[in-house]
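One structure is given here, and the rest of the page talks about it.
Derivation of every value follows stated rules applied to the coordinates shown; laboratory data play no part. Everything quoted here is computed from the prediction, not taken from an experiment. Don't worry about glycine lacking a Cβ; one is built from the backbone with ideal geometry, like all the others, and counts go over all protein chains shown.
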Amino acid sequence: MHITEIFKSIQGEGTRAGLPCIFVRLTGCNLRCTWCDTAYAFHGGRKMTMDEVLARVDALSGRANAGKQVYRSWRSQVASRCSRRKSILWPKVFSPRDMRS
């Protein structure tokens, strides 16, 4: 997958506003929303494996395997939703092959 940046910051919106978070900003969104403030992420980025992304999340969090724990949680939520529907649109960054244990 192509990653524009991975950084630690304070969540600015939603139910987790004000909490420290680690953001993984992907490259290549083609939606071009009028309110988008990250046009610099439309192109470029650095190709990274899932293990590289998770290692960077771990380094920023200061906790071993933090990235893998979040990934497993996300994966189980997707699996739960899949069991209730006939199909699901996979996020662009993951292929069904990536979802295997």
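Couplings 3J(HN,Hα) for the range 2-16, derived from phi with the Karplus relation 6.51 cos²θ - 1.76 cosθ + 1.60 (θ = phi - 60°), are 9, 10, 7, 6, 10, 8, 9, 7, 9, 4, x, 8, x, 6, 9 Hz, where x marks Gly and Pro.
Amide H contacts for Leu26 (H built 1.01 Å from N in the peptide plane; partners 5 or more residues away or on another chain; cut-off under 5 Å): Thr4. Note on Ser73 and Arg46: their simple-model spin labels are 2.5 nm apart, each label 7 Å out from Cα toward Cβ. The string of couplings for the range 34-39 from the Karplus curve (6.51, -1.76, 1.60, θ = phi - 60°) is 5, 8, 4, 10, 10, 4 Hz, one whole number per residue in order, with x for Gly and Pro. Under 5 Å between amide hydrogens, built in the peptide plane, is the criterion, and for Gln11 it picks out Gly18, Leu19, Cys21 among residues at least 5 positions away or on other chains.
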